[in-house]
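Shown next, in structure tokens, is the structure this report addresses.
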Amino acid sequence: MTLRWTSRRVPRSTLRTQLTLLYAGPFLVSGVLLLAVPILQTRRSVPVGAPPGLGTDFPPGPDTSRVLAVCAVALAVLVVVSIILGWLVAGRFLRPLRTMTATARDISATNLHRRLGPHRRAGEFTELASTLDDLFARLEAAFASQRHFVANASHELRTPLAATRAVLQVALADPGATVDSLRAACRDVLALGGTQESLLEALLTLAGGEQGVEHREPFDLAVIARDVLRTRRTDGVAGTGSVEVTGAFGAAPATGDPRLVESLVANLVDNALRHNIPGGRVEIATATTSRGARVTVGNTGPVVPPDQVERLFEPFQQLGGQRVRRAAGHGLGLAIVRAVAGAHGATLTARARPDGGLDIEILFPGAFPEAGIR
């Protein structure tokens, strides 16, 4: 025989009930203490005309008992009144909190763009509203980043997927296909797969940059920029051909996500190399200023109208208001730069050179002392 014990969960008291008891409690304790004083005095008093040497403890007389009864009734009435007043005061005090809760629930369910705004009661309610507004802003940014990622991925992956399908269909439909033609088709498919992989990596980096930095650690921009340039030279991207690359790497300590910052610097360098001219130049420099750690990348290239500079930091954009050509890259480099800079609270400044090209500066705030960089 198995015995099963079932227990009901005791409902937790609400905050209003707790505040009501907190208000009524001092009234009850004070009343009991006030009632105890006359009781003790009555029991220790000596009646008038009592012979000397009698004890001091006498039973209370009729008048004293009547007074005590009245005091007890008054105490009970005061406790009831204090509970009622405490309930009303607690409700009045918690009304703004209930309003904020209902508004926050409606915002989270319908429109994250709304905000609670400053409360008319300064103090804790205003701080709570500000904290919730900051939370809604981060949630809105995260959802916007997710929507942008899905939209960009669905649009940009459609072309390589269609091309992959076309290559495979042509290879399968060819009755005279040979080993060499099938190998060529496989090489084309692998190349298209590599394009899709690099595009997905760029989209993931863009989405990660837009979501912000959760864990910060110290790093040195000089070390990151030097490693990026060394990798580009090893791969044959920089330092060969007709584009001259120079670097001046001064210590520039900062804090953040080194992986995202490395992607920022790499995209700056790749953009400067890709959009250049024969015989052009690329200059990379890092330094520490009074405002923080700075990295600058300048390059020669086609003339960029000043009113077109801001638009170049949008995804999949190029000069002339058209979407970027596949041969010119994915068109996400500068968008990644802006997202990573914004996630780190860095200031991005881009200027068009009169003779062609761009000068881009990223200033990271809150530099750490050089001894903190390893």
Linear extension gain, Thr126 paired with Ala191, 0.36 nm per residue minus alpha-carbon span: 17.8 nm
Simple label model, 7 Å out from Cα along Cβ direction - Val73 to Ala248, nm: 9.6
Mean Cβ neighbour count within 10 Å, used as a protection proxy, ranking 165-175, 292-302, 192-202, 339-349 highest first: 292-302, 339-349, 192-202, 165-175
Ranked list, fewest to most other Cβ atoms within 10 Å of each Cβ, for Ser263, Ser82: Ser82, Ser263
Nitroxide proxy distance, nm - points 7 Å out along Cα→Cβ at Leu172 and Arg98: 6.5
Theoretical FRET efficiency, 1/(1+(r/R0)^6), r = Cβ-Cβ of Glu217 and Arg138, R0 22 Å, to 0.05: 0.60
Size of charge dipole - segment 154-210 - debye, nearest 20, with Cβ of Lys, Arg +1 and Asp, Glu -1, no other charges: 180
Segment 154-210: relative contact order as a whole-number percent, Cα under 8 Å and 6+ apart: 43
Rounded, prolate or oblate (a/c below 1.5 giving rounded, otherwise prolate when a/b exceeds b/c) for segment 154-313 by Cα gyration tensor: prolate
Computed E for Glu201/Val29 - FRET, C-beta separation, R0 56 angstrom, nearest 0.05: 0.25
Residue-span extension gain [Ala36 to Leu21] - 0.36 nm each, minus C-alpha spacing: 3.2 nm
Residues Ser108, Ser154 arranged by fewest to most Cβ contacts within 10 Å: Ser154, Ser108
Per-residue HN-Hα couplings for segment 341-351 [Karplus 6.51, -1.76, 1.60; θ = phi - 60°; Hz; x = Gly/Pro]: 4, x, 5, 9, x, 8, 9, 9, 10, 10, 10
Ascending count of other beta-carbon atoms within 10 Å, so fewest first, for Ile284, Ile83, Ile336: Ile83, Ile284, Ile336
Fully extended contour minus Cα-Cα distance, from Leu88 to Arg183, at 0.36 nm per residue: 25.9 nm
Asp359 versus Ala109: modelled label distance in nm, points set 7 Å from Cα along the beta carbon direction: 5.5
Modelled FRET efficiency - R0 35 Å, Arg311 with Thr14, Cβ distances, 0.05 increments: 0.05
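The numbers here are math on the coordinates, done by the rules we state, and not lab data. Treat the numbers as computed from the prediction; the structure is a model and nothing was measured. Don't worry about glycine lacking a Cβ; one is built from the backbone with ideal geometry, like all the others, and counts go over all protein chains shown.
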